[in-house]
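Take a look at the structure below.
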Amino acid sequence: MAYVINDDCISCGVCVDECPVEAISEGDDKYVIDPDLCTDCGSCADICPVDAPQPEEG
Ligand code: SF4
Ligand code: SF4
């Protein structure tokens, strides 16, 4: 399980420094989370102004 950043992301970048395992980086058209690093802590979702990071379904 990992969090996934959806298309609502406005690329503000504030979530990057919130992630304790540095799993978030800037992608082509939005920020992305490395699922191999994400520990599902939810800190990025808490800080995101548009609720773009969501727990991956399944
Ligand atoms: Fe990082 Fe936690 Fe967000 Fe995963 S849920 S990307 S570990 S801040
Ligand atoms: Fe995108 Fe939200 Fe991260 Fe900003 S805080 S870069 S809107 S996911």
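Computed quantities for the displayed model
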| quantity | calculated |
| --- | --- |
| Any hit, region 11-18, residues being open to solvent by 30 Å² or more (accessible area, probe 1.4 Å), within 13 Å of ligand 1 (Cβ to nearest atom) and charged (D, E, K, R) | yes |
| Residues that are surrounded by 14 or more Cβ atoms within 10 Å (Cβ to Cβ), closer than 12 Å to Ser11 by Cα and aliphatic (A, V, I, L, M), drawn from region 43-58 | Ala52 |
| Tabulated pairs, region 13-30, first farther than 12 Å from Ser43 by Cα, second near ligand 1 (Cβ under 7 Å from one of its atoms), C-beta under 9 angstrom, 6+ apart or interchain | Gly13/Ile24; Ser25/Ile33 |
| Count - residues of region 19-42 that are within 6 Å of ligand 1 (Cβ to nearest atom) and crowded, with 16+ Cβ neighbours inside 10 Å | 5 |
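The values are calculated or read from the model by the stated rules, or taken from the named source; none is laboratory data. Because the structure is predicted, anything quoted here is derived from the model rather than measured. Neighbour counts run over all protein chains shown; Cβ positions are idealised from the backbone, glycine included. These area figures cover heavy atoms from the full protein model, side chains too; ligands, DNA and RNA do not enter into them. Shrake-Rupley method; radii C 1.70, N 1.55, O 1.52, S 1.80 Å.
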